[in-house]
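A short worksheet on the structure shown next.
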Amino acid sequence: MKKEIPKIYKPGSIEEKIYDKWEKSGYFNPDKLANDKIISENAKPYSIVLPPPNITDKLHLGHSSVLAIEDLLIRFHRMKGFRALWIPGTDHAAIATQNVVEKKLLKETGKSRHDLGKKKFLKEVWKFLRETQTVILKQARKMGASLDWSREAFTLDEPRKKAVEKMFVDMHKEGIIYRGERIVNWCPRCHSTLADDEIEYEKQKAKLYTFKYSKDFPVSISTTRPETKLGDTAVAVNPKDKRYKDIIGKKFSADFCGIGLNIRIIADNEVDMDFGTGALGVTPAHSITDWRMAEENNLEIKKVIDENGKIRKGFGKFSGKTAEEARKSVVAELKKQGLIEKEEEIENNLSVCYRCGTAVEPLPSKQWFVAVDKKLERLGNKSLKEKAIEAAQEKEIKFFPERFEKRYLDWMENLHDWCISRQIWFGHSIPAWHKKDSDEVYVGEKAPEDKENWIQDSDSLDTWFSSGMWTFSTMGWPETFTNGKKSGDLAEYHPTDVLNTGYEILTLWVSRMIMMSLFAIGEIPFRHVYLNGMVLDEYGKKMSKSKGNGIDPLDMIEKYGTDAVRLSLLIGSTPGNDVRVGEEKIGNFRNFTNKLWNISRFIISKEKEADNKEQETENLTLADKWITRKMASLIKKTSEDIGEYKFSQAGERLYDFTWHEFADWYLEISKFEENKKEKDYILNAVLKDLLKLWHPFIPFITENIWSHLDNKKFLMVESYPDEKFYRENFAAANDTDMVDFDAVIEIIKSARAIRNENKIGSGKRMDIFIDAEKTIGISTDDIKGFILSQEKIIKNLRTGIGKIKFLSRGERIEGVVSKTTSNGITVYARLKELVDTEKERASAENEINNLEKYISGLEKKLSDKNFVKKAPKEVVEQEKEKLKKAQIKSEEIKKYLEQL
RNA sequence: GGACGAUUAGCUCAGCUGGUUAGAGCACUUCUCUUACAAAGAAGGGGUCACUGGUUCGAAUCCAGUAUCGUCCACCA
């Protein structure tokens, strides 16, 4: 005996219980699936690595979205018989984590990291890490994520540490990791370099000074930072600028506020002739473009500002002053000498540190870099950059939506060497040692033997260096890769099938993963990149903690259930576009889960009475054929959509079928149509397959209902429905019949409208009839012979539909619609009596006119030899098809006109 | 400054390679406690598809331009 099933679906604690059962079954691990013969031995692999969330994060809707999408893909492929693997893990997020701990420390003890010292501070970080690390992954379980926990990884655990060190040493051996002096973004307060994306811009008003270095200097320059001009070694002008043509290449010396300068005039295309005087003072040490010019022109590099943001020694009275103080005194000095020609207010962008808001100083500094342009033998004499661009151009890696390929390529083409060292304490240590009192550097996985004389590099690695290796470092690299051969997980599951992430880290992460995988194992890390949009609040704002507008997915799960949350993230969004999610939306999908629950409840209770599971397909009504036919196409289209990452479309179609076709119509009809055996059989089959189709979207409720259906196996490991079942067993269901039932629906709806308009109460019997003259009408005890004039029905009707009767949900169809003739009839060929003949004639004539022009156009096109030769074959075929269709249609309309 | 995207019903959005009368959910109006479901059922109202041109037999869909909004990148010395 089955227990009574409650009327309202309450997810509550059931979800956790179901998840526990799944996890204990071990089926999240594909090896176990193979061992238990749930999938075949030679099943194809399907793998995804979870983008590792930061350990500082709590689960937010952005994560939920990625989890929902990837879980959908994994569950779908698992049911399709793939060896589906989904690897979980977390990211140590070097800078972000250090900041969080720093802030926490300051708040709780008032101490900075410098007060504690590196050792003690790191101890604090690890303490924090242990508390938070598992939290977010536990929350992933709440989302129902079928991750293989036996393979869990962390970007800073031992295996990953070894992998990172090996990678660094290998790249160094190949000469693409090098140490060099470059202009970096330096935060004088944090004492660290900042990556380009760690800089924020503030609009501000600044004074633009136009002046000469000294009285006898031939050109004036403009700048907002006169103090840096102490380090100028050149003046750059545009080569096209006629004003300065004659002095290009000449050298001048100047006495700039008491400091001697040797200035060469150089030409550079990047100089804007219209800005200021059109001449730019080149300060190689404190500007990135100037540094480039200096390299190209072999200019001397004079550092002016030190790492504390102060003027260095050797600049007379200015030395020791902060940049700001120095600016004031330089300006004062210039004024005194009467050299300032202009002083104007302009608006510009000030770069500031994203953490503390301090103005960033561009400084030359010794850092570790990855060379992206260096050609390598192991890459077929191509550079990392070239290979990574190639992968996208040759469609080895495909982007969804496609437009992101362009963004990726644009970014890659402008890529400069990647600075991978960060002056922070938390993160991967750099496997490099500096010899005391010497410039000698040793790079290796182990420290040099003579430990006393060597000090390990104090910097840490950029967090993207380790997460860039994520697809293969989680699969046992480097152990699983020897002599160019993959083994173990790496052989089985790499490259992964898809990387799914927000488009905002396309450049930061995706491009680095591609380069690192190409370098380490010579193959791409993933075949597809699916970029999902950002999750916004219901007003279209980014969710953020500070604004307090974020919806906590855990609250929503508590309130509406995981399935409703998943649906609200999967439906109503298109790839690469942002999704707005508010509580209301989640509530709506909760209503749907309840609907599904009640549909199942109805069928399960019916089945109890009938208890007939034999295949019964002898007496099929029009409705039976209709629903099975629709089911077949539903299965096909759902699979196709998921394969193309169109989750929203797939979900919407399922939603519509479940609610508005299966529940609203078929279930109602099943209550009174008399072929009980067939009805029970079909209801049961459709319900089971619907649950399977829905499972990747809403795993909990479907698994739950499944357990009420007397099934021993988990729904999770059932195989995906097959459309053939419906096509083969209900072969009578062809297109024509389906259209007919759709027409019946339209008739019934219109009849109901008339009933409503005429206030015919419920409970009264109402007949709908279509008589021999093809008039449609309804009659009740009160009213007789209303004629339906809705063109809607008329156009959908076919000839010869018999008599149907119904009462509404309450109503019933008593008779069944009889067979119709079908021959690709046009929509005009009906119910002449109700149609305005003149209007019809005019519109048909117009259509024929249009069609004839169209046809002649097509014929012309097809007789054009150039077109037939040059256009792809499919296109020509398509055009021919179009022509045929148009010709048939035109014939039909002509016939119709004759009838009129 | 460059690139990309968006503009469709009161709101949030679908509409795939041009083709019947442009769709959904919510909201709104009217009716119905009916034994799967009131978190429901039935019916209905509401749209010059941002604007202007062009291509086409035919444009929400393709092309060009304009306007507004958004995102990313670059950065002004």
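The values are calculated or read from the model by the stated rules, or taken from the named source; none is laboratory data. Keep in mind it's a predicted model, so treat the numbers as computed, not measured. Glycine gets a Cβ as well: all are built from the backbone with ideal geometry, and neighbour counts include every protein chain shown. Quick note on the areas: whole protein, heavy atoms, side chains included, nothing else; ligands and nucleic acids left out. Shrake-Rupley method; radii C 1.70, N 1.55, O 1.52, S 1.80 Å.
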In whole Å, what are the extents of region A:260-305 along the principal axes defined by its C-alpha atoms, from largest to smallest? 28, 22, 19
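Would you tally the net charge around A:Asp457, using a Cβ to Cβ cut-off of less than 11 Å, leaving A:Asp457 out, and scoring K and R as +1, D and E as -1?
Working: positive: A:Arg179, A:Lys366; negative: A:Asp459.
Value of the local net charge: +1.
Convex hull over the alpha-carbon atoms of region A:116-166: what's its volume per residue in Å³? Numbers along the way, then the final one.
Numbers: hull volume 4.6 nm³, N = 51.
It comes to 89 Å³ per residue, whole-number rounded.
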All-pairs Cα distance distribution in region A:99-219, expressed in whole percent, bin size 10 Å: 9, 18, 29, 24, 11, 6, 3, 1
Give or take rounding to whole Å, what are the principal axis extents of the alpha carbon atoms in region A:563-683, in descending order? 49, 27, 20
Taking the dipole of region A:350-468 about the Cα centre (Lys, Arg +1; Asp, Glu -1; charges at Cβ), the one of A:Asn414, A:Gly427, A:Ser438 that reaches farthest to the positive side is A:Asn414
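Suppose accessible area is computed on protein heavy atoms with a 1.4 Å probe; arrange A:Cys356, A:Cys187 from highest to lowest.
Numbers: A:Cys356 45, A:Cys187 0 Å².
From most exposed to least exposed: A:Cys356, A:Cys187.
Mind ranking A:442-452, A:312-322 by how tightly packed they are, going by the mean number of other C-beta atoms within 10 angstrom, highest first?
Values: A:442-452: 11.8, A:312-322: 15.1.
Ranked from most to least packed, the peptides come out as A:312-322, A:442-452.
Rank A:Thr621, A:Thr134, A:Thr155 by accessible area, highest first, at a 1.4 Å probe radius?
Working: A:Thr621 20, A:Thr134 70, A:Thr155 0 Å².
The ordering from most to least exposed comes out as A:Thr134, A:Thr621, A:Thr155.
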Under a Cβ-Cβ cut-off of 11 Å, what is the net charge of the residues other than A:His92 that fall near it, where Lys and Arg count +1 and Asp and Glu count -1? 0
To the nearest whole percent, what portion of all C-alpha pairs in region A:94-144 is separated by more than 15 angstrom? 50 percent
Please give the charge dipole size of region A:210-326, origin at the Cα centre, charges +1 on K and R Cβ atoms and -1 on D and E Cβ atoms. Round to the nearest 20 debye. 380 debye
Rounded to two decimals, what ratio of Rg to Rh does region A:214-359 give with C-alpha atoms and a Kirkwood Rh? 0.95
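Using just the Cα positions, wrap region A:422-491 in a convex hull and report its mean projected area in square nanometres, one decimal place.
Working: hull surface 25.0 nm².
Here the figure is 6.2 nm², rounded to one decimal.
Which semi-axis lengths, in whole Å and largest first, follow from the square roots of five times the eigenvalues of the Cα gyration tensor of region A:289-346?
The equivalent ellipsoid of region A:289-346 has semi-axes of 23, 18, 12 Å.
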Taking the Cα centre of region A:258-364 as origin, work out the dipole magnitude from +1 charges on Lys and Arg Cβ and -1 charges on Asp and Glu Cβ, in debye rounded to 20. 760 debye
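Give me the net charge for the shell around A:Met273: Cβ to Cβ below 10 angstrom, other residues only, Lys and Arg +1, Asp and Glu -1.
Numbers: positive: A:Lys240, A:Lys242, A:Arg243; negative: A:Asp241, A:Asp272, A:Asp274.
That sum, taken over residues with Cβ under 10 Å, equals 0.
In Å, what Kirkwood hydrodynamic radius results for region A:59-127 from the alpha-carbon pair distances? Kindly include the intermediate steps, with their values, before the conclusion.
Values: mean 1/r = 0.0659 Å⁻¹.
Radius from the Kirkwood sum: 15.2 Å.
In square nanometres, what is the average projected area of the Cα convex hull of region A:151-270?
On the way: hull surface 54.3 nm².
Across all orientations, region A:151-270 yields a mean hull projection of 13.6 nm².
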3J(HN,Hα) from dihedral phi, region A:690-704, Karplus parametrisation 6.51/-1.76/1.60, rounded to Hz, x for glycine, proline: 5, 4, 5, 5, 7, 3, x, 7, 10, x, 6, 5, 5, 5, 4
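Nothing charged except the Cβ atoms of Lys and Arg (+1) and of Asp and Glu (-1): what's the magnitude of the dipole of region A:323-378 about its Cα centre? Round to the nearest 20 debye. The partial results should precede the final answer.
Details: 10 positive and 11 negative charges, 91 e Å.
Rounded to the nearest 20 debye, it is 440 debye.
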